[in-house]
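Visitor: Have a look at this one.
The values are calculated or read from the model by the stated rules, or taken from the named source; none is laboratory data. Keep in mind that this is a model prediction, so the values were computed, not measured. Here the Cβ is made from the backbone with ideal geometry for all residues, glycine too, and neighbour counts use every protein chain on show.
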Amino acid sequence: MTERADDREESLTAATEACGLEALISRAARAGKGPAPVERWNPAFCGDLDMEIREDGTWFYQGTPIGRMPLVQLFSSVLRKDEDGKTYLVTPVERVGIRVVDAPFIAVEMDVSGSGDSQVITFRTNVGDVVEAGPDHPLSFVDEDATGGLKPYVLVRGRLEALVARPVMYELVEHGEEIDVGGRRMFVVRSKGAVYPIMPAEKLQRLSA
C-alpha cells in the first residue's frame with residue numbers, strides 16, 4: 001500500500017515539472033481528435049501548471065509563448081472550466097490548473113447566412129472551433145468599464161467562451177437591428193431563432209451622435 005501511495009503522490013506532483021508536461025501532452029494526444037469528453041472525467045487535481053492564456057488568445061508556458069499551433073489545439077481539446085470558475089487541462093487521470101486572463105478562445109472570423117428569424121451567425125475560433133450562435137451557443141455582451149464599450153462572447157462548449165475579436169465585433173453589429181424587448185427598444189442580433197440584446201437603442205443613438 002505504501003508504495004502505491006508514494007507512486008500516486010509522485011504522479012500528482014509531476015504535472016508541475018517538464019516531464020509532467022510531456023506526459024500530459026502524450027495523454028491528451030491519446031484522447032483523440034477534436035474536443036475530448038472532459039465533462040465526463042473526474043480525475044484528481046494535480047496542482048497548477050505555469051501556463052497562461054493571455055487576453056489576445058496567445059498561450060504561454062513558463063513565460064514563453066507556445067508557438068506550435070498543433071500543440072495549442074491539442075491543449076484546447078482537453079480544456080475545461082469548472083463551477084469554481086477556474087480553468088483546467090483534463091485527461092482521464094489528471095486535472096491541472098492554468099490561468100486565463102479573459103476568455104480561453106478568440107472568435108476570429110464570422111459568417112452570416114439567412115435573415116430575420118432564419119439568420120444564422122457562425123463563428124470560427126483561433127484554435128479551429130466552428131460554432132453557430134444560438135440556444136446551444138449563446139452570445140453575451142459585457143460592458144467594458146475601462147473603455148465604455150462592449151465585449152461580446154460566444155459560448156463554445158461547457159463553460160468555455162470565445163471573446164469576439166474587435167474587427168469581428170464591428171462586423172457583427174452591422175447585422176444588428178432595433179426591436180422591442182420586454183417593452184424597451186433594444187439593439188439586438190439574431191441567430192438560429194434566438195435574440196441577443198446588445199444595448200438599449202437610446203444608448204446606441206448617443207454613441208452614434
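Visitor: Those residues that are surrounded by fewer than 19 Cβ atoms within 10 Å (Cβ to Cβ) and touching a residue at least 40 places away in the same chain (Cβ under 8 Å), I need them from region 169-197; list them, please.
Guide: Glu171, His175, Lys192, Gly193, Ala194, Pro197
Visitor: Mind checking which residues of region 44-59 are crowded, with 16+ Cβ neighbours inside 10 Å and free of Cβ contacts under 8 Å to residues at least 40 places away in the same chain?
Guide: Trp59
Visitor: Look at region 60-99 and say how many of its residues are surrounded by fewer than 20 Cβ atoms within 10 Å (Cβ to Cβ) and assigned to a loop (DSSP other than H, G, I, E, B).
Guide: 12
Visitor: Additional query: Among the residues of region 159-182, count how many are part of a strand (DSSP E or B), under 17 Å from Gln119 (Cα atoms) and of a type in the set (D, E, K, R).
Guide: So the count comes out to 2.
Visitor: Same structure, new question: Please specify each residue of region 44-62 satisfying the condition of being within 27 Å of Pro167 (Cα to Cα) and of a type in the set (Gly, Ala, Ser).
Guide: Answer for region 44-62, where residues must be within 27 Å of Pro167 (Cα to Cα) and of a type in the set (Gly, Ala, Ser): just Gly57.
Visitor: Next question. Restricting attention to region 132-158, and to residues there that are at pLDDT 85 or above and in a loop (DSSP other than H, G, I, E, B), which single residue is surrounded by the most Cβ atoms within 10 Å (Cβ to Cβ)?
Guide: Taking the candidates together, the pick is Ala133.
Visitor: Every residue in region 100-126 that is assigned to a loop (DSSP other than H, G, I, E, B) and in contact with a strand residue (DSSP E or B) (Cβ under 6 Å, 6 or more places away or on another chain), please. Before you say what the answer is, go through the steps one by one.
Guide: Residues of region 100-126 that are assigned to a loop (DSSP other than H, G, I, E, B), as a first pass: 101-104, 114-115, 119, 126.
Residues satisfying the conditions are Asp102, Ala103, Pro104, Gly114, Gln119, Asn126.
Visitor: Related question: Would you please list the contacts, defined by Cβ atoms under 6 Å and residues six or more apart or on different chains, that run from a residue in region 153-165 that is closer than 12 Å to Leu139 by Cα to a residue that is at pLDDT below 95 and not in a strand (DSSP E or B)?
Guide: Hits for this filter: Val156/Asp129.
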